[in-house]
1. Output the residue which, of all residues in region 124-143 that are in contact (Cβ under 8 Å) with a residue 60 or more places away in the chain and surrounded by fewer than 17 Cβ atoms within 10 Å (Cβ to Cβ), is farthest from PRO254 (Cα to Cα).
2. Return the pairs, sorted by first residue and then second, in which the second residue is outside any loop (DSSP other than H, G, I, E, B) and acidic (Asp, Glu), the first residue lies in region 1-27 and is within 17 Å of LEU43 (Cα to Cα), the beta carbons are less than 6 Å apart, and the residues are 6+ apart or on different chains.
3. Among the residues of region 56-74, what is the count of those that are among the aliphatic types (A, V, I, L, M), away from ligand 2 (no atom under 16 Å from the Cβ) and within 24 Å of LEU235 (Cβ to Cβ)?
4. Return yes or no: is LYS427 in contact with a Gly (Cβ under 7 Å, 6 or more places away or on another chain) and of a type outside the set (Asp, Glu)?
5. Restricting to region 236-293, what's the tally of residues that are within 18 Å of THR65 (Cβ to Cβ), charged (D, E, K, R) and in a loop (DSSP other than H, G, I, E, B)?
6. Restricting region 3-26 to residues that are among the β-branched types (Val, Ile, Thr) and assigned to a loop (DSSP other than H, G, I, E, B), which is surrounded by the most Cβ atoms within 10 Å (Cβ to Cβ)?
7. Would you check if HIS220 is part of a helix (DSSP H, G or I) and either more than 22 Å from the chain's Cα centre (by Cα) or within 16 Å of ligand 2 (Cβ to nearest atom) (or both)?
8. Tell me which residues, restricted to region 223-235, are in a helix (DSSP H, G or I) and either in contact with a Cys (Cβ under 9 Å, 6 or more places away or on another chain) or of a type in the set (Ser, Thr, Tyr) (or both).
Amino acid sequence: MFLKDTLTRQIKELSREKPFGFYCCGPTVYGPAHIGNFRTFILQDVLRRALELAGYAPVHVRNITDVDDKTILRSQQAGLSLKKFTEQWTQRFLDDCNKLNLLSPHQQPRATDHIVQQIQLIQKLIERGLAYVENGSVYFRVAAYKDYGKLTQLSPENLRTQSTNSAGHVNDVDEYDRDNVRDFALWKAHKADDGDVFWESPWGKGRPGWHIECSAMSMHYLGETFNLHGGGIDLIFPHHENEIAQSEGATGKPFVRHWFHTTHLTVDGKKMSKSLGNLYTLEDLEKQGFSTDSVRYLLLSGHYSQPLNFTLDSLGAAQSALSRIEKFAHKLLEHTRTELSQINTSPTFPFTQWNVFKPTWEAIQNDMNTPQALGELFSSLPQVDLDTPGLIHEFRALLFLFGFKMAAPQSAPEAVLQLAHQRWQAKQAKDFALADSLRAQIQSLGWQMLDGKDSFNLVKL
Ligand code: AMP
Ligand code: ZN
């Protein structure tokens, strides 16, 4: 597998070093994840799937950030303990992951279950002269760490001193105890606002900073050096820059061999985010009749290194494209007298018998080019000879790669089909009033009409 590495800015072959540790920064659990977050998690999931197929046997860890400024504030507003509050949102996240058919990571550590490891890491940094205590808080001394800025590729002077990530983690702008504004908190002394959220530490009551959580959990599960670390591009600075400084500062060893950053899902050109309020959750889209597979498809239809703009029209097109794959699946199953369950299961790893779908696999191997891979798939489908030996196995591996689940054939009743054709014609004739009333009629019959560019698709509500 070849993939661009953010640190070197090069497309590099992934390390064959075993075990293959793959750490992904997980969600901050104070509300539902939006589909922008899921762009990142789904791309990481397809990469995980590709690694499985290619025989890397990845060990996948994705954490849950269940303590930070936002989770504390929101739990207080909800009148719930931090634990109860974050558990509720963690469960919702995992439910959404299931619906989107994301493979479960091998470990899903919660930050609050790893306070001991975080304290130990901070102690090491103090011993090594890279951190200092000030009024019960501990700060990383950026000036003492010469490699600071290597991921961001900016000189330390030019690095922004404050930054907010998608979850609104503020880089401690309100703390004036630091020797230098660039220094960031590893441990935050307890404040009245934190209420009952604190842990005992050698520096008194307090809680960890966000960055130390990921350094501690990733190294705890994957070792001091591991192969691959992922997150959205908003995490490059300061979060991942700080993770490198903390981890390499404490161990003196390289932290991560390959950095994988995914570009944002946007709406009207602006990043989809909680703070801008321009977000869609999976639930919003399901309520409108879109299948979770179509959300998955849409989020894979752009290359991870480019922004992808979200529209409901493109989701309709994704659903139509998926139905073409599904039609092929039904034809193949009928032709080979195979049960549906045979193609919806995982193949055995590694999978090496790529044949008719080889161009799709090669596009994935070459810097996770998911749009090209889907394009190649659609070029292959009409030409596939259904008698090709091993085709069922290969198609199963292909579905596994993208994480699509095929459903049994289900067609709309004749009455609904007729209304749908009438509506399509009304829309072509720009009679939008008639088109809208027909859409409502179709909906009242339990079907949703999704418009692609040249055709429509009917989905059961
Ligand atoms: P958060 O829960 O906000 O800490 O984010 C979880 C993951 O989603 C991180 O890897 C973020 O970088 C990523 N992320 C946040 N917003 C977007 C977006 N609009 N598009 C893609 N990834 C995002
Ligand atoms: Zn992280």
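The values are calculated or read from the model by the stated rules, or taken from the named source; none is laboratory data. Small disclaimer: the values here were computed from a predicted structure and weren't measured. No Cβ is skipped: glycine too gets one built from the backbone with ideal geometry, and neighbour counts run over all protein chains shown.
1. Checking each candidate, the answer is GLY136.
2. PHE2/GLU13
3. 3
4. no
5. Qualifying residue count for the region: 1.
6. Here the answer is THR6.
7. Yes: the conditions hold for HIS220.
8. LEU235
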